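Novice: Here's a structure for you.
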Amino acid sequence: METFWSIVIAVMFILFFCAFIPSGKGDCTVCGTHGLTKDLQFYNFKEIASAHQPLKGIGYYCTACAGKVEEAAKLVAVAKANAPTQTWPATYKGKVPVVPGSEQSRVHSDWQKEKESAREQLLVTSVYLFPEANAVKQIEFDKRTDSTGNYQYTVWRASGIPCKVQ
Ligand SMILES: [Zn+2]
C-alpha cells in the first residue's frame, strides 16, 4: 500500500513539473506546427535588423518549411557578403560621389550593446533591403541607457542612408 501512494505522489510531482516546461519551444516559427524540438532546426537572422528580418526572425522551423527558410538564409548570406565598405559619417562635410537618385530612406539597426555590432547590422540590413546599394552615408548613432535589475549599460543604434556611389 505504501508503494502505491509513493507512485501516486511521484506521478503527481512529474505532472506538476511538466506544466512548467515551455510548450512553445517546439513550434515552427514559420507555420506554427508543433513538433519535437529535436526534429526542428534553429535559425536566426540576427545580421538583419528585426524590423526587416525575413520570416519571423529567430526560432525553430520544421522540415516542411526548411526550403523557405533556406531561401531566406541565402539572401541574408548574400547581403552579408556584399555589406557596403564605403561609408560616411553624418559629420562628414565633404562631397560624397553619390549616383543621383540612388539615396534610399534611412535604415536603422536594432539597439545593441556593442556600437560596432550596431554598425555591422546597419550595413548588412541596408544592402539586404536595397541590393543596388554599395555605400551608406550619413551614418549616425543613437545612445541610451538600458538596465537589467541593478545593472546599467549603454546601448547603441546605428542608422544611415543606403546609396550607390560611382
Ligand atoms: Zn513549419
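The values are calculated or read from the model by the stated rules, or taken from the named source; none is laboratory data. The structure presented is a predicted model; accordingly, all values stated were derived computationally and were not measured. Glycine also receives a Cβ, built like all others from the backbone with ideal geometry; neighbour counts cover every protein chain displayed.
Novice: Would you pick out the residues in the range 75-105 that are within 18 Å of the chain's Cα centre (by Cα) and surrounded by 11 or more Cβ atoms within 10 Å (Cβ to Cβ)?
Specialist: Taking the range 75-105 as the starting set, the residues that turn out to be within 18 Å of the chain's Cα centre (by Cα) are 75-83.
Correct list: 75, 76, 77, 78, 79, 80, 82, 83.
Novice: Now for a separate question. Quick one: what pairs do we get from the range 74-96, first residue closer than 14 Å to residue 136 by Cβ, second assigned to a loop (DSSP other than H, G, I, E, B) and among the hydrophobic types (A, V, I, L, M, F, W, C), C-beta under 6 Å, 6+ apart or different chains?
Specialist: From the range 74-96, the pairs are 88/96.
Novice: Another question about this same structure. Only one of 19, 66 is at pLDDT 75 or above and not assigned by TED's automatic domain parsing to the domain that holds residue 134. Can you tell me which? Give the steps one after another, and end with the answer.
Specialist: Values: 19 fails: at pLDDT 75 or above.
Going through 19, 66 in turn, the sole match is 66.
Novice: With respect to residue 113, is the statement that it is loosely packed, with under 12 Cβ neighbours inside 10 Å, free of Cβ contacts under 8 Å to residues at least 60 places away in the same chain and more than 18 Å from residue 47 (Cα to Cα) true?
Specialist: Values: loosely packed, with under 12 Cβ neighbours inside 10 Å: yes; free of Cβ contacts under 8 Å to residues at least 60 places away in the same chain: yes; more than 18 Å from residue 47 (Cα to Cα): no.
Answer is no for this residue.
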